[in-house]
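Undergrad: Questions regarding the structure given below will be posed in turn.
The values are calculated or read from the model by the stated rules, or taken from the named source; none is laboratory data. Note that the structure is a prediction, hence the values are computed from the model and not measured. Here Cβ is always computed from backbone atoms with ideal geometry, including for glycine, and neighbour counts include all displayed protein chains. Surface accessibility is based on the protein's heavy atoms, side chains included, excluding ligands, DNA and RNA. Shrake-Rupley method; radii C 1.70, N 1.55, O 1.52, S 1.80 Å.
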Amino acid sequence: MAGSSTARPAGVADDRELRLRPTREDDLDYVVATEAAPDAAPFLAPSPREEHAGFLRDPAQRHLIAEAGGARVGFALLRLHPADAAVELRRLAVTDPGRGHGRAMLRAIEATAFHEHGAHRLWLDVKPFNQRARALYRSEGFVEEGVLRDALREPDGRFQSLVVMSLLRPEWAP
């Protein structure tokens with residue numbers, strides 16, 4: 001429909017175009033490079049390739065590649081907490097920010113958490129200065145629960161606080 005408020009600007013991802021698939025060993029160089037990219041590195045706690053390979057073998061983790069139009073556009077790492085009916089979003093990174101892939105990935109992750117894993121709670125932590133990610137999470141219904149003070153030691157030895165955010169199944173609007 002012309003003039004519809006649901007129309008997307010050219011070059012912005014449509015949720016239906018994006019799919020998540022399990023990460024394979026041959027994706028790990030891409031994953032490590034994505035974490036190290038200048039647009040992503042300050043906001044993540046990157047892991048070496050060997051650690052990502054371990055995540056692939058860990059039954060409590062779901063390592064996922066996001067693809068749109070047949071190309072990799074990002075990755076996500078989930079940790080399952082079945083005893084608590086919770087899924088932790090440990091990482092979400094995109095290779096071309098600003099095209100809507102992050103939002104499309106987050107929506108696919110929400111569906112995965114609540115449908116596939118039967119979660120009651122999807123939660124994450126985010127660095128306080130990552131305003132873009134915090135705004136995205138809030139726009140998707142995530143609630144800021146509090147701050148873990150000096151919870152992460154950066155490679156340079158400084159401590160970094162983390163903001164905990166969550167989305168509960170009853171709050172989720174697919």
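Undergrad: Suppose we keep only residues that are closer than 22 Å to Ala108 by Cβ and part of a helix (DSSP H, G or I) within the range 125-136. Which one would you say is most open to solvent (accessible area, probe 1.4 Å)?
TA: Among those that are closer than 22 Å to Ala108 by Cβ and part of a helix (DSSP H, G or I), it is Arg132.
Undergrad: Search the range 32-47 for residues that are modelled with pLDDT of 85 or more and pair each with any residue that is open to solvent by 40 Å² or more (accessible area, probe 1.4 Å) when their beta-carbon atoms are under 6 Å apart and the residues are at least 6 apart or on different chains.
TA: Partner pairs satisfying both residue conditions: Val32/Arg49; Thr34/Thr95; Glu35/Pro46.
Undergrad: Mind counting the residues in the range 104-124 that are surrounded by fewer than 16 Cβ atoms within 10 Å (Cβ to Cβ) and within 13 Å of the chain's Cα centre (by Cα)?
TA: The qualifying residues number 2.
Undergrad: I would also like to ask the following. Test of understanding: among Ala60, Ala85, Ala53, which residue is over 14 Å from the mean Cα position of the chain (by Cα), on the phi > 0 side of the Ramachandran plot, open to solvent by less than 60 Å² (accessible area, probe 1.4 Å) and at pLDDT 95 or above? Break it down stepwise before answering.
TA: On the way: Ala60 fails: on the phi > 0 side of the Ramachandran plot; Ala53 fails: on the phi > 0 side of the Ramachandran plot.
Unique residue meeting the criteria: Ala85.
Undergrad: So which residues in the range 137-171 are surrounded by 11 or more Cβ atoms within 10 Å (Cβ to Cβ) and at pLDDT below 95, if there are any at all?
TA: Within the range 137-171, Leu152, Arg153, Glu154, Gln160 qualify.
Undergrad: Of the residues in the range 33-48, how many are part of a helix (DSSP H, G or I) and buried (at least 16 other Cβ atoms within 10 Å of the Cβ)?
TA: Here is the first cut: in the range 33-48, the ones part of a helix (DSSP H, G or I) are 33-36, 41-43.
Adding the requirement that they be buried (at least 16 other Cβ atoms within 10 Å of the Cβ) leaves 34-35, 43.
Of the residues in the range 33-48, 3 are part of a helix (DSSP H, G or I) and buried (at least 16 other Cβ atoms within 10 Å of the Cβ).
Undergrad: Say whether the condition of being part of a helix (DSSP H, G or I), under 29 Å from Arg149 (Cα atoms), among the hydrophobic types (A, V, I, L, M, F, W, C) and in contact with a helix residue (DSSP H, G or I) (Cβ under 8 Å, 6 or more places away or on another chain) is met by at least one residue in the range 52-73.
TA: Taking the range 52-73 and keeping what is part of a helix (DSSP H, G or I), we get 52-57.
From the residues that got through so far, the ones that are under 29 Å from Arg149 (Cα atoms) too are 52, 54-55.
Narrowing further to those that are among the hydrophobic types (A, V, I, L, M, F, W, C): 55.
Okay, now just the ones that are also in contact with a helix residue (DSSP H, G or I) (Cβ under 8 Å, 6 or more places away or on another chain), so none.
No, the range 52-73 contains no residue that is part of a helix (DSSP H, G or I), under 29 Å from Arg149 (Cα atoms), among the hydrophobic types (A, V, I, L, M, F, W, C) and in contact with a helix residue (DSSP H, G or I) (Cβ under 8 Å, 6 or more places away or on another chain).
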